[in-house]
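Peer 1: Before I ask anything, here is the structure I am working with.
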Amino acid sequence: QVQLVESGGGLVQPGGSLRLSCAASGSIFSSDYMGWYRQAPGKQRDLVAGIGSGGITTYGDSVKGRFTISRDNGAKMIFLQMNSLKPEDTAVYFCKAIVRGRMYWGQGTQVTVSS
């Protein structure tokens, strides 16, 4: 069993920055995939950024060059550094892990970009 807890969301002005954290507990290894997804009201949940075995990263097209995903394997955590935030980045951000073929989600953290 794996549990994921996100933190770091909040309200930020356009052009600002936020750093999200996801803490995992349970039997998860550095080779297991972890990632960030987001869901705005009335829209589907989309990939923001993922990190897999060997530290290979993937990003959604809309965040490339602005967001950076990183991982602390010892602490079983991933982070999402979000810079140059735009109003369209407003969404609930979810942490996801895939461990031995099973998918786990956190409860989500709200990010609101507004002046």
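No value in this document is a laboratory result; all are computed from the given coordinates. Predicted model, so just to flag it, every value in this text is computed and none were measured. Quick reminder, even Gly has a Cβ in these numbers, built from the backbone with ideal geometry, and neighbours come from all protein chains shown.
Peer 1: With +1 on the Cβ of every Lys and Arg and -1 on the Cβ of every Asp and Glu, and nothing else charged, how large is the dipole of the chain about its Cα centre, in debye rounded to the nearest 20?
Peer 2: The calculation lands at about 140 debye.
Peer 1: What number, in nm² with one decimal, is the all-direction average of the projected area of the convex hull of the alpha-carbon atoms of the stretch 64-115? If you can, show how the numbers build up before the last one.
Peer 2: Values: hull surface 18.9 nm².
If I average the Cα hull's projected area over directions, I get 4.7 nm².
Peer 1: Still on this structure: Got the relative contact order for the chain handy, in percent, Cα pairs under 8 Å and 6 or more residues apart?
Peer 2: 37
Peer 1: Next up: Enumerate by residue number the trypsin sites (Lys or Arg not before Pro) in the stretch 1-101 meeting two conditions: DSSP loop (anything except H, G, I, E, B), and at most 13 other Cβ atoms within 10 Å of the site's Cβ. Display every interim value, and only then the final one.
Peer 2: On the way: sites: R19, R38, K43, R45, K64, R66, R71, K76, K96, R100; in loops: K43, R45, K64, R66, K76, R100.
Here the sparse-neighbourhood loop sites are K43, K64, R100.
Peer 1: Still on this model: Beyond 18 Å, what percent of the Cα pairs of the stretch 1-66 remain?
Peer 2: Details: 1072 of 2145 pairs.
Every Cα pair in the stretch 1-66 considered, those over 18 Å come to 50 percent.
Peer 1: Can you spot the aspartates and glutamates whose alpha carbon is less than 17 Å from K64's alpha carbon? Ignore those fewer than 8 places along the same chain.
Peer 2: D46, E88, D89
Peer 1: Along the principal axes of its C-alpha atoms, what lengths does the chain span, in descending order and rounded to whole Å?
Peer 2: Principal-axis extents of the chain (Cα, largest first): 41, 25, 22 Å.
Peer 1: Follow-up question, since we're still on this one. Can you tell me which of D32, D46, D61 moves the most in a GNM of the chain? Springs connect C-alpha atoms under 10 Å apart.
Peer 2: The residue that fluctuates most here is D61.
Peer 1: Quick one: among G52, G101, G15, which has the greatest mean-square fluctuation in a GNM of the chain with alpha-carbon springs under 10 angstrom?
Peer 2: The residue that fluctuates most here is G101.
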